[in-house]
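Let me begin by presenting the structure, written as structure tokens, before commenting on it.
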Amino acid sequence: MKKYKPTSPSRRNMVTLDYGVLTTSKPHKKLTKGGKRSVGRNNQGRITTRHKGGGNKRLYRDIDFLYNKHDIPAKIETVEYDPNRTAFISLVCYSDGERRYVVMPKGVKVGDTFIVSKDAPLEKGNRLPLNKIPVGTFIYNIELKVKGGSKLVRSAGSYAQVTAHDDGITNIKLPSGEVRKVVDTCWASIGEVSNSDHKLIKGGKAGRSRWLGIRPTVRGSAMNPVDHPHGGGEGRQGIGLRRGPKTRQGKQAYGVKTRRAKKYSNQSIVKKRKSKRQG
């Protein structure tokens, strides 16, 4: 991590990543594309998610989450920053000459190799079916459906753990604490996701959030009654005789379960994730 001399109040509290581990600042042009981000708007241009907008322009890096080149060794060529995700990414070159971007695992470096194979050794970065991975192993980039591509555990510093194998099903403990059943013919990568220090970043000033496309969040109690259920009153006011805090739309907030009772994936959950109220 990188700290700064307190030349201003914002600098005093600023902590950023040390990007000395990166090997290049320019992405591989053939694997990038432009495009307009939704910034919280729907197809009619209306705001559906607040507090999004602005920020620096981004090039999208085409990341390989399918990993469909089996039994072909790949060599890591670069370590790169990706503005669209928290983890670092790597440009890899397969032995047949094709280059792709992948999410970089923790503990590997330029020049290391990995392979996607049913017979791959249990080493960082290698990718195998879940039924070939022993209980207790840390994994990331996990498929939910066979040939569906990696969906789970892709953010910086995250990892899941294989907890059991039983009758074609593998139980996986996710970073949230949830234990989930996945078909054991789905694939996963060995290890943890890179850039585990990302959680220690302190922006130090509001402007850094604006650069990232994060707009300000105004407290409901600072609004007028027409704008928020908590608004209005002379001076500082509580929320009144309400059952609990409300969202801007008048729905209950904080600690209220929002998961649909009949969600399709409920049958796959062995143990629910811990809520904030449970600690």
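Within the stretch 56-68, the set of residues being out of contact with any Lys or Arg (no Cβ under 6 Å at 6 or more places or on another chain) and in contact (Cβ under 8 Å) with a residue 24 or more places away in the chain comprises N56, R58, L59, R61, D62, I63, F65, L66, N68. Give the residues of the stretch 69-106 that are in contact with a Lys or Arg (Cβ under 8 Å, 6 or more places away or on another chain) and among the aromatic types (F, W, Y), sorted by residue number. Those that are in contact with a Lys or Arg (Cβ under 8 Å, 6 or more places away or on another chain) and among the aromatic types (F, W, Y): Y94, Y101. When the stretch 190-236 is limited to residues that are farther than 30 Å from P9 by Cα and among the aliphatic types (A, V, I, L, M), the one that is surrounded by the fewest Cβ atoms within 10 Å (Cβ to Cβ) turns out to be V226.
Across the stretch 251-266, the qualifying residues are those that are surrounded by 10 or more Cβ atoms within 10 Å (Cβ to Cβ) and of a type in the set (G, A, S), and the one among them that is farthest from V182 (Cα to Cα) is A253. When the stretch 135-174 is filtered for residues that are farther than 18 Å from R273 by Cβ, among the charged types (D, E, K, R) and outside any loop (DSSP other than H, G, I, E, B), the ones remaining, listed by number, are E143, D166.
Looking at the structure I just gave you, is Y67 in contact with a strand residue (DSSP E or B) (Cβ under 7 Å, 6 or more places away or on another chain), in the same structural domain as S150 (by TED's automatic domain parsing) and not in a strand (DSSP E or B)? Here the answer is yes, as Y67 does meet what is asked.
Residue count for the stretch 246-279 under the criterion of being touching a residue at least 24 places away in the same chain (Cβ under 8 Å) and in a loop (DSSP other than H, G, I, E, B): the result is 4.
Residue under question is R37, and the condition is that it be in the same structural domain as L144 (by TED's automatic domain parsing), surrounded by 11 or more Cβ atoms within 10 Å (Cβ to Cβ) and within 19 Å of the chain's Cα centre (by Cα); does it hold? Taking the combined requirement at face value, the residue satisfies it.
The values are calculated or read from the model by the stated rules, or taken from the named source; none is laboratory data. Keep in mind the model is a prediction, meaning the values are calculated, not measured. We place every Cβ from the backbone using ideal geometry, glycine too, and count neighbours over all the protein chains shown.
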